[in-house]
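Shown next, in structure tokens, is the structure this report addresses.
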Amino acid sequence: SQTIHQWPATLVQPVGSPLSLECTVEGTSNPNLYWYRQAAGRGLQLLFYSVGIGQISSEVPQNLSASRPQDRQFILSSKKLLLSDSGFYLCAWSGLDAGSTDTQYFGPGTRLTVL
Amino acid sequence: GENVEQHPSTLSVQEGDSAVIKCTYSDSASNYFPWYKQELGKRPQLIIDIRSNVGEKKDQRIAVTLNKTAKHFSLHITETQPEDSAVYFCAAISDGTPLVFGKGTRLSVIA
């Protein structure tokens, strides 16, 4: 079966500091990978998605970037955090090993607080 | 691109009553419609989904209906229980695109 991991689980960072969040998927190959942000009490905002190594699509212009250095690894980064970057960051995957490339499965999330 | 509207944004029901959440979509090419449940502080989890070649699907106390002509789909929860309290998200997808989510419905089941 497939498992998705995210770390860290929680993070408190000062404004202007860098950010690196990591997501890895086990038990599948060539998954589609997604990064979402969820502000407190709000919906799911798609930030980036990737259909393969080095292939990144950006949905929202911002000070964040994403990279996919390996097939099952997805990294979200920022050079300088803003207060508005606070939120719950969710990684998700989809793929044929789950029966369909349509269904997305979410990781446990990283709760980021920027002070 | 696809746009998904979800209503209501909040819903309170008495324990044992039914709850209905409705979503509309704009892209007639959309062919897959999942529903996710998100408990406080947790990740969204898939609870039921439906494809465009099916009009209704049931799984115990939850069901989803799809009206392709009107481009809307609904989540029905019967005999609600306190553990059904959560935020529910609908979504839609057409081939080759990521899921587009509604803004969510906060369901409160009052004991």
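Just so you know, all these numbers are worked out from the coordinates, no wet-lab data involved. In this text, all values refer to a predicted model and were calculated from it rather than measured experimentally. Note: ideal-geometry Cβ built from the backbone for every residue, glycine included; neighbour counts use all protein chains shown.
Taking a Cβ-Cβ separation under 4.7 Å as the criterion for a possible partner, which cysteines of the protein assembly as shown have none?
Isolated Cys, the protein assembly as shown: none found.
Could you run the Debye sum over the Cα atoms of region B:1-98, one equal point scatterer each and no solvent, and tell me log10 of I(q)/I(0) at q = 0.11, 0.17 Å⁻¹, two decimals?
For the requested q values the scattering log ratios are -0.31, -0.74.
Using the charge dipole of region B:20-101 (Lys, Arg: +1 at Cβ; Asp, Glu: -1 at Cβ; taken about the Cα centre), state which of B:Ala86, B:Gln38, B:Ala70 has its Cα farthest towards the positive end.
So the residue we want is B:Ala70.
Quick one: dipole size for region B:57-111, taken about the Cα centre, charges +1 on Lys/Arg Cβ and -1 on Asp/Glu Cβ, in debye to the nearest 20.
Details: 7 positive and 5 negative charges, 49 e Å.
With only Lys, Arg, Asp and Glu charged at Cβ, the dipole is about 240 debye.
Under a Cβ-Cβ cut-off of 14 Å, what is the net charge of the residues other than B:Ala19 that fall near it, where Lys and Arg count +1 and Asp and Glu count -1? Don't skip to the end; give the middle numbers.
Working: positive: B:Lys22, B:Lys37, B:Arg61, B:Arg106; negative: B:Glu15, B:Asp17, B:Glu79, B:Glu83, B:Asp84.
Result for the local shell: -1.
Would you kindly state how much longer the chain becomes between B:Asp59 and B:Glu39 on full extension, computed as 0.36 nm times their sequence separation minus their alpha carbon distance, in nm to one decimal? Numbers along the way, then the final one.
Working: separation 20, 0.36 × 20 = 7.20 nm, distance 1.92 nm.
Length gained between B:Asp59 and B:Glu39: 5.3 nm.
So for each of A:23-31, B:39-47 I average, over its residues, the number of other beta carbons within 10 Å; can you give me the resulting order with the highest mean first?
So the peptides A:23-31, B:39-47, ranked by packing, come out A:23-31, B:39-47.
Short version: what are the Cα gyration tensor semi-axes of the protein assembly as shown, square root of 5 times each eigenvalue, largest first, in whole Å? Working shown, then result.
Working: eigenvalues 177, 88, 49 Å².
In descending order, the three semi-axes are 30, 21, 16 Å.
Set Lys and Arg Cβ to +1 and Asp and Glu Cβ to -1, take the dipole of chain A about its Cα centre, and tell me which of A:Val60, A:Trp35, A:Pro108 lies farthest positive.
A:Val60
Taking beta carbons within 10 Å but only from partner chains, what does the mean come to for residues A:100-113?
4
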